[in-house]
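Read the structure below first, then the notes.
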Amino acid sequence: MNKLVCVMIGGFVGSILRYYASVIVISEGFPWPTLAVNLIGCFLLAWLLTTAVVKKTIHPNVSLLLGTGLLGSFTTFSTFSLETVRMIDMGHIGLAVIYVSVSIFIGLLLAYTGVNVALRNGGESK
């Protein structure tokens with residue numbers, strides 16, 4: 001039950017942050033809010049989970065709260081997919097290709113960076 005509460009609390013906070021990201025960032029034609037939260041999430045989740053494994057200083061419940069809960073609800077693959085389909089349906093195929101390409105390639109680069117930042121700051125694995 002304790003683990004479930006951690007995921008619920010993190011999910012609550014992450015979904016609120018996700019909502020405010022879409023309200024604060026004005027998106028005209030290009031889904032900047034979704035791109036931003038997904039790229040931020042790529043780096044943070046990679047850093048968090050690598051830090052949890054390398055340093056072993058992050059309690060599993062905190063990893064659940066921040067990883068599964070907060071970042072899981074903050075990032076959104078389903079919105080990314082729907083926005084891509086909508087761009088294609090509206091004939092903006094070039095924008096859709098750019099959106100998918102940036103999301104995948106920059107997302108992978110940020111995840112790689114997050115892992116390396118955690119490893120550099122954490123030393124060798126125990």
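Only the coordinates and a few stated rules stand behind these numbers; no lab work does. These figures come from a predicted structure and were not determined experimentally. Note that we place each Cβ from the backbone using ideal geometry, even for glycine, and neighbour counts take in every protein chain shown.
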Which of 86, 18 comes first, and how do the rest follow, when ranked by fewest Cβ neighbours within 10 Å?
86, 18
Just to be sure I follow: if Rg is taken over the C-alpha atoms of the stretch 2-122 and Rh is the Kirkwood radius over the same atoms, what is Rg/Rh?
1.03
A correct Karplus calculation of ³J(HN,Hα) over the stretch 46-62, with 6.51 cos²θ - 1.76 cosθ + 1.60, θ = phi - 60°, whole Hz and x for Gly and Pro, returns 4, 5, 4, 5, 5, 4, 4, 7, 6, 7, 6, 9, 9, 4, x, 5, 5
If one computes the Cα centroid of the stretch 1-47 and of the stretch 77-95, what distance in Å separates the two points?
19
Cβ-derived FRET efficiency at R0 35 Å, residue 30 paired with residue 5, nearest 0.05
0.40
Max mean-square fluctuation residue, GNM over the chain, Cα-Cα springs under 10 Å, options 67, 41, 91:
91
When only Cα pairs under 8 Å and 6 or more residues apart are kept, what is the percent relative contact order across the stretch 21-126?
44
Please give the length that would be gained between residue 85 and residue 16 if that part of the chain were fully extended, namely 0.36 nm times their separation in residues minus their C-alpha to C-alpha distance (nm, one decimal).
22.4 nm
Suppose R0 equals 22 Å. What FRET efficiency, 1/(1 + (r/R0)^6) with r the Cβ-Cβ distance, do residue 57 and residue 116 give to the nearest 0.05?
0.75
Counting other beta carbons within 10 Å of each Cβ, put 1, 87 in order, fewest first.
1, 87
For every other residue with a beta carbon closer than 14 angstrom to the beta carbon of residue 92, add +1 if it is Lys or Arg and -1 if Asp or Glu, then tell me the sum.
-2
